[in-house]
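Trainee: I am attaching a structure below and will ask some questions about it afterwards.
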Amino acid sequence: MKLVTVHLDTEEIAEAPIDRSMVRRFVGGRGLTSKLLSDWYRSPEGSRDKTSPLFIGTGPLTGLSFPMAGRFVATAQSPLTNTIFSSSCGGRLGVYLKRHGIDVLALRGVARKPCYLSVQDGVLSINGADGIWGREKAEAKAVLRKIYGNGCSILLIGKAGENGVSYANVENDGRFLGRGGLGALLGAMKVKAIVVGYGRGEVSGAGDQVSFLAYEFKKLLSASPVTSRGLPQFGTGVLLNRMQELGLLSTKNFREGAPPQSRRVSGEAVASELLKRKRACYLCPIACGRETRFGEGPEYETLWSLGVNLSIFDIEQVAELNRLCNGYGLDTISTGGVLGMACELSEKGKLPFRLAYGDVATMKELIVEIAEKRSRGELLAMGTKALGERVGMPEAAIHVKGLELPAYDPRGAYGQGLGYATSNRGGCHLPGYLIGLEALAIPKLVDRLGIDGKASLLALNQNVTAFVDSLIVCRFAAFAIPGDFYSRIASAVMGERITWEESITIGERIWNLERLYNLRQGITEDTLPERFSNVPLAGMLKEYYEIRGWDSSGVPGPDKLKLLELSTGQDGI
Amino acid sequence: MLERATVGMIKEVGRDLFVRGLISSHAGNISLRMGRTIYITRRGSMLGRLKESDLVGVDIERADSRVLMASSEVEVHRAIYLRTSALSVVHAHPPYATLLSLLEDEIVPVDSEGSYIFKKIPVVSVEKTIGSQEASVVISEALQEYRIVMMRGHGSFARGEMLEEAYMLTSSLEAAAFYAYHIREMKEYRRFSDKYKTW
């Protein structure tokens, strides 16, 4: 496996093999890039980098003919949360990098002037970004396509990233590295885009057993109503009505339950009123993506964050807000979180301007001002945590570790609440995703307002997803694929036996590594916003630390680190 | 102290195991893991008629006097929890699966549901089949790779995230074993891919 490092300040490009034992311990994707980040970026002091390195990582399945696995991850220290942050994307960039023989691409330092990277015919170059920096994304893409053709994969940031908005996202082929402000990091590095040609190299790892597993994988997908009907027919928005019915959807910055008219911005509404065509990531039979009259999306989280959350129940208006965020390169969840908070602050006279729930026209103006970091947007561009501190109202900032919460109200699903509190990347629904158990009966339904055993269930699911993110299979596969399946895939593609239990241990190792990184950054709290004080967190947290083998303040002890082959010298605090 | 809903769930699964004929009156055992505590059914309890007092909380590793009341298979359950990520375990004596375990080294389902769920079920064998150290080792080892395992001539051990899942596996195993056993008498039948033997 090959690691290619681009030193942006010196324009030096270095290649190095990735140690086989490191791959055995961390697999690829999230695990491997987290390990590299942890090794390379120990502290701001003593480092020659002005910013965190950013790693783009592929997995052992990337580029093979395997469903839902043509993805890649990006890992860095988040400019929004300061935590370690891995994000997964369904664009084709990873597949194309792999065909060029690049397994991990690392960016370090800050370029002297705005640039973009290109990989063509196995050659990586650093190019001046004069014609694309400061331009709209659509214009920038057109310029790059003119140079490199329509067949290339383009990863790029929008104006929000260039301007350092702390929750700016990154786009690749209409899919997104949505959360954590990785767009702001690329902007700080002065990297506008990465363009990768189709590539002709052969990706190794395919074989008879991999084909058999791919076949069985697809059989299971087609046997599940979630992956064979719900998501294909209505996209991720299919979740909205279910969550509303269970009382898991809130409005007005988590101050009220979502009203019945939320149905007007559901997946069904997207399908009947907006849809142009369905979009699939590379080799995905589900095709949950929606291409609408307003471009990509809106997806479930956005239907909530820019719709229900802001009391906007006109599907076209929600789609327009989504289009603006996508165009400027803003994470729609965080943007909706910030706007929802701003409405509350305005009500309470804490803002120097007026903003009301449902006021779409002002929100459109604000999205542009946020992305351009000017006027009213300058204040809102910092994210909810910093905004709450600035205006003296932290209780209105609905975040965990600085990351705005998504579309599942933890007061209706206690395990999900614990998931937010303990997530290594902050207020995110994805690590653990106990909503599967608490609301969707996947694999079985549990009492969503009970706490018995929730912490143990969550820790197990966090470990499994860390492994799956390292093998790099789309999270939506978990709606149909049981946990033991992934170890069999890993064994087949990596050419050595990895038992089911070993795969969970690898996930646990990654989870602990991320935890250690955050502790090193001084991030120690596992809490929920004050607004959710009725979630019985304390009891669950005690069980959580216990099953993780951490001490009562949540620090992994020497025995646990030894068991996971994580050394305090290399990986610890 | 367990929540009422948790106790209710254990009682229902115990009842279902008995009603489905997957255990005799005083056989089988059930456990859950929460943190470092295992809640396991009492030694000699009737799973079909469980009461809250039939559930015993023991540490996952450390010996204490509460083990006096715990199921005779407690060491097997402990080994499973220590060596795997299981959060629930169901041990039952499903008749057809037990019968097949005496005839085969692995059970490969011939029916559709069994094939989707299991692909195959390993059969392990030891001299002392109940609650022994050697049984703990082979069962917990098999459950590192499979969701359910048959102890030859004795019964099944299923692991799950949730109890319902471990029960489902036990119940589905018996259904699959029923078909697989009876079809042995037929000369010709349509088989699934031999690839399932590689699972």
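No lab work stands behind these numbers, since they all come straight from the coordinates. On a predicted model such as this, the values are computed, not experimentally measured, just so you know. Cβ: placed from backbone, ideal geometry, glycine included. Neighbour counts: every protein chain shown.
Trainee: All other residues with a Cβ under 13 Å from the Cβ of B:GLU104 taken together, and with Lys, Arg as +1 and Asp, Glu as -1, what is their net charge?
Mentor: Working: positive: B:LYS120, B:ARG152, B:ARG184, B:LYS197; negative: B:ASP105, B:GLU106.
Every neighbour counted, the sum reads +2.
Trainee: Sticking with this structure for a sec: Roughly what % of Cα-Cα distances in region A:250-387 sit above 27 Å, to the whole percent?
Mentor: When every Cα pair of region A:250-387 is considered, 19 percent fall beyond 27 Å.
Trainee: Something else now. Which lysines, if any, have their Cα less than 27 Å from the Cα of A:LYS560, not counting same-chain residues under 8 positions apart?
Mentor: Excluding near neighbours in sequence, the set is A:LYS35, A:LYS401, A:LYS454, A:LYS542.
Trainee: In whole percent, what relative contact order does chain A give with Cα contacts below 8 Å and a gap of six or more residues?
Mentor: Averaging sequence separation for qualifying contacts and normalising by length gives 15 percent for chain A.
Trainee: On a 0 to 90 degree scale, rounded to 10, what angle separates helix B:4-19 from the longest Cα axis of chain B?
Mentor: For B:4-19 against chain B, the angle is about 40 degrees.
Trainee: Moving to a separate point now. In chain A, which helices (entire DSSP H runs) extend 24 Å or more along their own long axis, judged by Cα positions, while averaging at least -0.5 on the Kyte-Doolittle scale?
Mentor: Span-like helices here: A:454-471.
Trainee: Rounded to whole Å and ordered largest first, report the semi-axes of the equivalent ellipsoid of the protein assembly as shown derived from its Cα gyration tensor (root of 5λ). Working shown, then result.
Mentor: Numbers: eigenvalues 401, 172, 124 Å².
Equivalent-ellipsoid dimensions as semi-axes: 45, 29, 25 Å.
Trainee: Work out the P(r) tail for region A:1-145: percent of alpha carbon pairs separated by more than 22 Å, whole number.
Mentor: Roughly 43 percent, rounded to a whole number.
Trainee: Same structure again: Does anything in region B:69-113 have its amide N under 13 Å from the 7 Å Cα→Cβ label point of B:HIS26, and if so which residues?
Mentor: B:72
Trainee: Based on the Kirkwood radius over alpha-carbon pairs, what value in µm²/s does the Stokes-Einstein equation return for the translational diffusion coefficient of region A:139-240 at 4 °C and 1.567 mPa s?
Mentor: Taking Rh from Cα pairs, D becomes 77 µm²/s.
Trainee: How high is the relative contact order of region B:4-198, in percent, with contacts defined as C-alpha pairs under 8 Å that are six or more residues apart? Don't skip to the answer; put the middle values down first.
Mentor: Numbers: 373 pairs, mean separation 42.6, N = 195.
Relative contact order of region B:4-198: 22 percent.
Trainee: Can you give me the long-range amide H partners of A:ALA129? Hydrogens built in the peptide plane at 1.01 Å from N, cutoff under 5 Å, separation of 5 or more residues or another chain.
Mentor: Distant-sequence amide H within range of A:ALA129: A:CYS115, A:TYR116.
Trainee: Another one. Equivalent-ellipsoid semi-axes (√(5λ), Cα gyration tensor) for region B:148-189, whole Å, largest first?
Mentor: Ellipsoid half-lengths, sorted descending, are 25, 12, 6 Å.
Trainee: Among residues other than A:ALA160 whose Cβ falls under 13 Å from its Cβ, what is the net charge (Lys/Arg +1, Asp/Glu -1)?
Mentor: -2
Trainee: Something else about it: Averaged across B:30-37, how many Cβ atoms of other chains sit within 10 Å of each residue's Cβ atom? Walk me through the intermediate numbers first.
Mentor: Details: counts 0, 0, 3, 5, 10, 12, 5, 5.
Mean partner-chain Cβ count within 10 Å for B:30-37: 5.
Trainee: If I stretch the segment between B:LEU68 and B:GLU12 completely, what's the gain in nm (0.36 nm per residue apart, minus their alpha carbon distance), one decimal?
Mentor: Details: separation 56, 0.36 × 56 = 20.16 nm, distance 2.46 nm.
Contour length minus the Cα-Cα distance gives 17.7 nm.
Trainee: Find the all-direction average of the projected area of the Cα convex hull for chain B, expressing the result in square nanometres with one decimal place.
Mentor: 10.8 nm²
Trainee: Summing Lys, Arg as +1 and Asp, Glu as -1, what charge do residues with Cβ under 10 Å from the Cβ of A:PRO298 carry, A:PRO298 excluded?
Mentor: Neighbour charge sum, excluding A:PRO298 itself: -2.
Trainee: On to the next question. Which longest uninterrupted range of chain A lacks any GluC sites (Glu not before Pro) assigned by DSSP to a loop state (not H, G, I, E or B) and surrounded by at most 16 other Cβ atoms within 10 Å?
Mentor: No qualifying site falls inside A:203-495, the longest such stretch.
Trainee: Separate question: Residue by residue through region B:61-76, which ³J(HN,Hα) values in whole Hz follow from phi under the Karplus form 6.51 cos²θ - 1.76 cosθ + 1.60 (θ = phi - 60°), with glycine and proline marked x?
Mentor: 10, 6, 6, 8, 5, 5, 5, 4, 9, 6, 3, 5, 9, 4, 5, 5
Trainee: Give the lysines reachable from A:LYS98 as a straight Cα distance under 17 Å; neighbours fewer than 8 places away on the same chain don't count.
Mentor: A:LYS2
Trainee: Also, quick follow-up: Tell me, in nm to one decimal, what length is gained between A:ARG390 and A:VAL143 on full extension, where the rule is 0.36 nm per residue of separation less the Cα-Cα distance?
Mentor: 84.9 nm
Trainee: So how many Lys-Lys pairs in chain B land under 13 Å Cα to Cα, not counting same-chain pairs under 8 apart?
Mentor: 5
Trainee: Could you tell me the center-to-center distance, by alpha carbons, between region A:220-291 and region A:111-134 in angstrom?
Mentor: 37 Å
Trainee: Quick one: Debye curve from the C-alpha atoms of region A:433-573, no solvent, what's log10 I(q)/I(0) at q = 0.13, 0.14, 0.17 Å⁻¹?
Mentor: Once normalised to I(0) and log-transformed, intensities are -0.65, -0.75, -1.08.
Trainee: While we're looking at this one, here's another question. Would you please give the residues with an amide H less than 5 Å from that of A:ARG290, counting only those at least 5 places away or on a separate chain, with H modeled from the backbone geometry?
Mentor: Here the answer is A:ARG279, A:GLY297, since their amide H atoms fall under 5 Å of that of A:ARG290.
Trainee: Same structure again: Rounded to the nearest 500, what is the protein assembly as shown's calculated 222 nm mean residue ellipticity when only DSSP H runs of at least 4 contribute -39500 (n - 2.57) each, over all residues?
Mentor: -11000 deg cm²/dmol
Trainee: Taking 0.36 nm per residue of sequence separation and subtracting the Cα-Cα distance, how much length would be gained by fully extending the chain between A:GLU291 and A:ASN534, in nm to one decimal?
Mentor: Roughly 83.5 nm would be gained on extension.
Trainee: Related question: Can you sort A:ILE472, B:ILE40, A:ILE18, A:ILE13 by how many other beta carbons sit within 10 Å, fewest first?
Mentor: A:ILE13, A:ILE18, A:ILE472, B:ILE40
Trainee: Let me ask you something else. Given points 7 Å out from each Cα along the Cα-Cβ axis, report the B:VAL137 to A:GLU136 separation in nanometres with one decimal.
Mentor: Each label point lies 7 Å from its Cα, and together they span 7.1 nm.
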